[in-house]
Amino acid sequence: MKALAPAAGPLQVLAVGAHPDDIEIGCGATLLTLAARPGTTVRGVVLTGSDARVQEATGALAAFVPGAALEAHAFPDGRLPAHWEAVKDVLHELATRAAPDVVLCPGPGDAHQDHRLLGQLVPTVWRDALVLHYEIPKWDADLHPPTHYVPVSPDMARRKVALLDAHYPSQHDRDWWDEELFLGLMRLRGVECKSRYAEAFSAHKVVLDLG
C-alpha cells in the first residue's frame, strides 16, 4: 500500500539512487523544497560509486538538505541486476532501520538497468510509504508522462543546477551535463503543471485520505 504523505507535521523521507548524482538530478529541487519544511528528515542511499564519487554525493546531499546523511554501497556500476539478491538484502536491512513516509527512487521503466532494478525493488520493500519515482534524462530517451509534479520557483531551479555543478565536478565532461538540459526538463514539466519550473514523478499506487 502506498499511503499519502501527511500534509503537515514531521515527514521522514528516504532518497534512493543507483549512482552518486542520481538523487540530486532526479529530485534535487524537491529536496530543496523539503529542506525548508519544518520537521523533515531526509536520508540518502546510493548503491554504487567510487570513493571519490561517494565523497561528491555526500557533500551534495548535505548541501541540498543540511543534516541529511548518506549511506553508500559499493556494488559495481552498471551491474546491479547481476547482484539482485544482495541489493534486495541491502534494501530490506535498510527497511529495518528506516520507516519513511516518502521514498524517492528511479522508475521501473528507466532504460538504465541499475535505475530500473531499484525502481522495481523499492516498492516491494516499502509497502506502507508513498513511493515516488523520479526521472533522469539520458541518451536512451526513456522519459514517460509523469503522474505527479512538484512546482519549483526559478530561484530554486537555478539553485539546484548550481549545486549540481558545484558538487559533481567529475561529471562536467559529460556531453549531456549542462544547465540547459537540467533547466529545460524542469521547464517542460513546469509547463505541464502550470508552473515556471517543476520536477516530475510517477507513482504506481497512491492512497488518498479524504476524511
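Projecting the Cα atoms of G109, V90, A157 onto the charge dipole of the range 71-211, computed from C-beta unit charges around the Cα centre, puts A157 farthest toward the positive end. Accessible surface for H92 stands near 80 Å², nearest 10, in the context of the full protein assembly shown (1.4 Å probe). For the range 180-193, 3J(HN,Hα) computed residue by residue from phi via the Karplus equation (6.51, -1.76, 1.60; θ = phi - 60°) reads 4, 5, 5, 5, x, 5, 5, 5, 4, 5, x, 4, 5, 10 Hz, glycine and proline entered as x.
Applying the Karplus relation 6.51 cos²θ - 1.76 cosθ + 1.60 with θ = phi - 60° to the range 70-87 yields 3J(HN,Hα) values of 10, 10, 10, 10, 10, 5, x, 4, x, 10, 4, x, 6, 10, 3, 5, 5, 5 Hz, where x marks Gly and Pro. Would you kindly find the accessible area of L121, with a 1.4 Å probe and non-protein molecules such as ligands, DNA and RNA excluded, rounding to the nearest 10 Å²? The accessible area of L121 comes to roughly 10 Å².
Exposure here means at most 14 other Cβ atoms within 10 Å; with chymotrypsin sites (Phe, Trp or Tyr not before Pro) in a DSSP loop as sites, the longest stretch of the chain lacking them is 1-138.
Whole-Hz Karplus values for the range 117-129 come out as 4, 5, x, 7, 7, 4, x, 7, 9, 9, 8, 10, 10 Hz, taken residue by residue from phi with 6.51 cos²θ - 1.76 cosθ + 1.60 and θ = phi - 60°; glycine and proline positions read x. Label zone (A166, point 7 Å along Cα-to-C-beta; backbone nitrogen cut-off 14 Å) within the range 53-91: 59-67. Counting only heavy atoms of the protein chains and using a 1.4 Å probe, R187 has close to 80 Å² of accessible surface.
Amide H to amide H distances under 5 Å link E135 with A200, where only residues 5 or more positions off or on other chains count and H is placed in the peptide plane.
For E71, the residues 5 or more places off, or on other chains, whose built amide H falls under 5 Å of its own are G44, V45, V46. Spacing of the modelled spin labels on D89 and D77, each 7 Å from Cα toward Cβ, amounts to 2.5 nm. For the pair E180 and V206, the difference between a 0.36 nm per residue extended length and the Cα-Cα distance amounts to 6.1 nm.
The values are calculated or read from the model by the stated rules, or taken from the named source; none is laboratory data. These numbers come from a predicted model, not from an experiment. Every residue, glycine as well, gets a Cβ built from its backbone with ideal geometry; the counts of neighbours run over all protein chains shown. When the accessible area is computed, the model is the full protein with side chains, heavy atoms only, and any ligands, DNA or RNA have been set aside. Shrake-Rupley method; radii C 1.70, N 1.55, O 1.52, S 1.80 Å.
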